Amino acid sequence: MHTFFKHADFQFAAENVLGATYARGADVGEVLTTVDRVHDGDARSWVTQWTATADRVAALAQEAEAVGHRRSAAARWLRAATYFAAASEKADATGTFTELWERHRDAWDRFTELGDVPVERLAVPYEGTTLPGYLFRSGPPDEPRRTLVYTNGSDGSVVGAWTRCAAGALPRGWNVVTYDGPGQNAALVRQSLPFRPDWEHVLTPVLDLLATRPEVDPGRIAVVGVSQAGCWVPRALAAEHRVAAAVADPGVVEVASYAVGQLPHFLVKLLDAGDRERFDRQMELGLKVSPATRTTLRWRMRPYGTTSPFDFFTAMREHRVSDEQLAAIRCPLLVTDPEHEQFWPGQPARMAAGVGARATLVPFTAAEGADGHCEPAAAGLRDERLLDWLDEQVPAR
């Protein structure tokens, strides 16, 4: 596959934006011209150029609104949301993360308000507060339908829930629900709620709310977990048995394995020994010579609610699914297994083996252009395989 950048993180991020074109969350020309202006490995350049593209497309959306072209305005707001989200990914380098995230959310909300699909904002009761979400209807408001609940990963945007799930599922007759769990999007940025590993305490309130909705058939609810949610959703399924079928894209058994694997051996020993002071001191010394690593680490630590590297790695280790939990899953589970999975290689097969006969392991290959974490450049093929399987498990009436 053609590489835009030598820097692996930049290449992966570019493929993700390009993949959004399948669901009209981006436009090929806009993506390619922006990528061409970005200096390889330069986070400030990335933020500047994606913000410039987002600003331009947002201005076009406003122009379309002003003259009454509602559909064009909605389409442009959707793309602007994607580009603002892309800019925000590396905005710790410029100190503009919150600003760009808010602009991505505002653009997304304008898309939902102007688009053709009926949508309602949700407030999921959650431990004395609420989690924000959206319910997209594929049919009349009083007709109970099968419903697909999309669970984002560690850094997925709200617009990603559309391009990776809702856009493909709605025409097949699914309702689609998206929500911000703790550590994600508005729950993080506006409510300062950090990640938690016991995701059943997040998924169960979502299902409780959906059970009260007239457009939702509570016996035909499926759940998709993407990226780190490929750990959270299976862990929740061990305790929550109202789900008819689920997808882990990819299957993740131990979230911390990749990150801890990047640490020098002496730091792993300090982590294992619980020596917080020495671990953080040694990390600080190392980060002084690598500003790019510092920026990435700050980005990854934010949803865990900590500024201490020791606390970050320690908390990450709690995000895992045990063999006992995998064996307790009762519903059919599709587990994606992309070739060249860069974060959790081998873990999808481990998950499928732990679940046993109820699991379906689905490979995605480089020959198909579908390799890499969450198949970023194969949105169409991914959509078809996942949704065909879900249609088989929870057929439309």
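The values are calculated or read from the model by the stated rules, or taken from the named source; none is laboratory data. Since the model is a prediction, treat every value here as computed from it, not as a measurement. Reconstructed Cβ throughout: ideal geometry from the backbone, glycine too, with neighbour counts over all protein chains shown. These accessible areas exclude ligands, DNA and RNA; they are computed on the full protein's heavy atoms, side chains included. Shrake-Rupley method; radii C 1.70, N 1.55, O 1.52, S 1.80 Å.
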Of every Cα-Cα pair in the stretch 108-199, the percent that sits beyond 24 Å:
20 percent
Keeping all protein chains in position, work out how much accessible area LYS288 exposes to a 1.4 Å probe, and write it in Å² to the nearest 10.
140 Å²
Highest to lowest packing among 229-238, 134-143, scored as the average C-beta count within 10 Å:
229-238, 134-143
Build a GNM of the chain with springs between Cα atoms under 10 Å: which of SER45, SER308, SER290 gets the top mean-square fluctuation?
SER290
Separation between the GLU99 and THR296 pseudo-spin-labels, each 7 Å from Cα along Cα→Cβ, expressed in nm?
2.6 nm
In the chain, what percentage of the DSSP-assigned beta bridges are antiparallel, given to the nearest 5?
35 percent
Which whole-Hz ³J(HN,Hα) couplings does the stretch 377-382 yield from phi under the Karplus relation 6.51 cos²θ - 1.76 cosθ + 1.60, θ = phi - 60°, glycine and proline marked x?
9, 10, 4, x, 4, 4
In a Gaussian network model over the chain where Cα atoms closer than 10 Å are linked, find which of ALA357, ALA14, ALA54 has the largest mean-square fluctuation.
ALA357
Length-normalised contact order for the chain - Cα pairs under 8 Å, 6+ apart - percent:
14 percent
Extension gain (nm, one decimal) between ASP9 and ASP40, 0.36 nm per residue minus Cα-Cα
10.2 nm
Note down, for the stretch 1-146, the three equivalent ellipsoid semi-axes (square root of 5 times each alpha carbon gyration tensor eigenvalue), biggest first, whole angstrom.
29, 19, 15
Treat the stretch 254-382 as a sphere of radius equal to its Kirkwood radius over Cα pairs and apply Stokes-Einstein at 10 °C in a medium of 1.306 mPa s; give the translational diffusion coefficient in µm²/s, rounded to a whole number.
95 µm²/s
Compute the accessible area per residue over the chain, keeping the other protein chains in place, probe 1.4 Å, unit Å².
41 Å²
Scaled by the rule-of-thumb 2.2 N^0.38 Å, the alpha carbon Rg for the stretch 120-276 gives a ratio of 1.13
What one gets for the stretch 111-165 as the Kirkwood radius, inverse of mean 1/r over different Cα pairs in Å, is 12.9 Å
Each label point is 7 Å from the Cα along the Cα-to-Cβ direction; what then is the distance between the points at ALA239 and HIS2, in nm?
4.8 nm
When the Karplus curve 6.51 cos²θ - 1.76 cosθ + 1.60 is applied with θ = phi - 60°, which whole-Hz ³J(HN,Hα) does each residue of the stretch 191-199 get, with x for Gly and Pro?
10, 6, 8, x, 3, 9, x, 7, 5
Could you pull out every residue, at least 5 positions away or on a different chain, whose amide H is within less than 5 Å of the one on ARG145? Hs are placed 1.01 Å off N in the peptide plane, and Pro or chain starts have none.
VAL216, ASP217
Expressed as a whole percentage, what fraction of the accessible surface of the chain belongs to carbon and sulfur atoms when a 1.4 Å probe is rolled over the protein heavy atoms?
52 percent
Two-site label geometry, ASP323 and ASP106: point separation in nm, points 7 Å out along Cα→Cβ:
5.3 nm
Tell me the net charge near PHE279. Cut-off is 14 Å between Cβ atoms, PHE279 excluded, with +1 for each Lys or Arg and -1 for each Asp or Glu.
-1
Taking all pairs of distinct Cα atoms, average 1/r, flip it, and tell me the Kirkwood hydrodynamic radius of the chain in Å to one decimal place.
21.4 Å
Can you give the extra length, in nm with one decimal, that the chain gains between THR129 and THR212 once fully stretched, where that is 0.36 nm per residue apart less the Cα-Cα distance?
28.0 nm
Based solely on its DSSP helices, what 222 nm [θ] is calculated for the chain when runs of n ≥ 4 H residues each add -39,500 (n - 2.57) and the sum is averaged over all residues, nearest 500 deg cm²/dmol?
-14500 deg cm²/dmol
So what is the relative contact order of the stretch 213-363, in percent, for Cα pairs below 8 Å that sit 6 or more residues apart?
31 percent
Give the cross-link partners of LYS269 among the lysines, using a straight C-alpha distance below 26 Å as the criterion and excluding same-chain residues fewer than 8 apart.
LYS288
